[in-house]
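Notes follow the structure.
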Amino acid sequence: MSETVRTICDACYNEVDAPVVAVCETVDVRGVSVTDEFWYPVCPLCGNRIGHAATMDRNFEKMYAAYREARDVPRPDEIVALRRRYGFSQRVFAAILGIGVASVQRYEGGALPSESHAELLRQARDPQILRERLRGGAPRLGVRDRERALRAVEQQVASRIDYAVVRLDLLDCLPRTATPETGLRAFDAGRLREAVVYLAAHVGNLFVTKLNKVLFYLDFSAYRDEGAGFTGLRYARADYGPVPDQYDLVMAALVDGATLAYREQGDGRVIVARRGADLSAFSPQEVARLDAVAAFANGFATTAELSAYSHEERAWLETPSGEVIGYDLAQYLRLPEPLPAEGARA
C-alpha cells in the first residue's frame, strides 16, 4: 500500500501529509493473540504514529476477522444471510435469540459479539435449535410472529434434512479428473477421509478453521516436492486464508459422527477421530508428509497464528479474493521443508 493521509499529528499538532506504513505486530483480542500487518500514519515531522480513525478502523477489521476465525464467531455478512434465510426481521431474530435488537444491529454492522451472544449466533445456524427455542417460548414475540417464525424454521429443518443427504454423497460424486487446479491429482474421497482422520489424531486442537490451513500445506507441499498434490482438492483465496473449494460441503460429508465428529471446546469446535486411520493406501513417504505437516501445525500456539502465517504465502497474496489458487505457486511455499527423496513414490 502506498498511501498518505492529510491529518493533524496528535504529538506536534502540525497538519501534515502522513505516509501510511505497515507495522507487523501482535495484539490481543479478547484472549486471542493476533499477529499481522497493521497500518499507521506516521508524522513526517516528528515520527509520531498518529491515531487516525479511518486507518484504525481497517486495523480493527483485521483484528476482528482473525478473532472470529479463531473462535468460530459468525461474520457480520453471515449473520445477515442467516437472518434473511429465515425471513426474519432484526426484531424477530433478536427476540428468538433473547437478545436486544440493538445488539443484532451492532453485530451485523461489524461489532464483536460477547462470548454468550456468539454462542447464540452459532446455534442459530441450526434450524432445529431455533425450532426448540420457538417451541419453548420466545416470550418477546407475539403469537402470530411466533407461529410465522416457527413455520419458516420448520421449512428450513425439512430442507436441511434433504440437503444433508446430498452432502453425504458429495465426496463420492466429485470428478476424479486430475487437472492443474487439483494439483495434477485425481480426487479420491477415501484418501481425503483417511488423511483427515489421521490429522485429527495428530494435530492438537484441530479446530474447523485450522483444518483449512493444514490441508493447504499438505497439498501444496506435496505438489512442490513431488509434482502432485496430496488429496486432489482445489483451493480458493478466502479473505482470511486459503481454503479448500466447497469446504463447507466437504466437511459436511466428512464429519459424519462415526468416522469423524465435532467436540465443543471453548468457543469453537474441534474435529476428532472416532477410529484410527487406515494408512494401507499411503506410501511411507506420504505418511511421512502427514507427520511433517502435523508437526508443522503443532508448532503454532494458536489457530490464529497459523492463519496469520498462511497470509504471508505468495499463493494467498497473489490470488484475487474468491479465485482458485494455482498450484504453480507452491514453489514459493515457505514450510514445511521438502522431505527427503528416499521412499518417494515412482
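The values are calculated or read from the model by the stated rules, or taken from the named source; none is laboratory data. Everything quoted here is computed from the prediction, not taken from an experiment. Glycine also receives a Cβ, built like all others from the backbone with ideal geometry; neighbour counts cover every protein chain displayed. Accessible surface is based on the protein model in full, side chains and every heavy atom, while ligands, DNA and RNA are left aside. Shrake-Rupley method; radii C 1.70, N 1.55, O 1.52, S 1.80 Å.
Entry for the chain at q = 0.16 Å⁻¹: log10 I(q)/I(0) = -1.38, Debye formula applied to identical alpha-carbon scatterers, no solvent contribution. Solvent-accessible surface of the stretch 6-95, taken per residue with a 1.4 Å probe and all protein chains present: 49 Å².
Accessible area ranking (1.4 Å probe, heavy atoms, ligands and nucleic acids excluded), largest first, for Y309, Y198: Y309, Y198. Taking all protein chains as shown and a probe of 1.4 angstrom, T4 keeps an accessible surface of around 90 Å². For the peptides 310-316, 125-131, 49-55, residues were scored by their other Cβ atoms within 10 Å and the scores averaged per peptide; the highest-first order is 310-316, 125-131, 49-55.
What FRET efficiency comes out for the pair E78/D10, r = Cβ-Cβ distance, R0 = 45 Å, nearest 0.05? Plugging the Cβ-Cβ distance into 1/(1 + (r/R0)^6) gives 0.80. For the stretch 240-346, the Cβ-based charge dipole about the Cα centre amounts to some 340 debye (Lys, Arg positive; Asp, Glu negative; other atoms uncharged).
With a cut-off of 13 Å between beta carbons, the residues surrounding A102 carry a summed charge of +1, where Lys and Arg count +1 and Asp and Glu -1. Annotation: T26 carries an accessible surface of approximately 80 Å², with a 1.4 Å probe and no ligand, DNA or RNA atoms counted. Ranked by solvent-accessible area (1.4 Å probe, protein heavy atoms only, all chains present), the residues S321, S2 order from largest to smallest as S2, S321.
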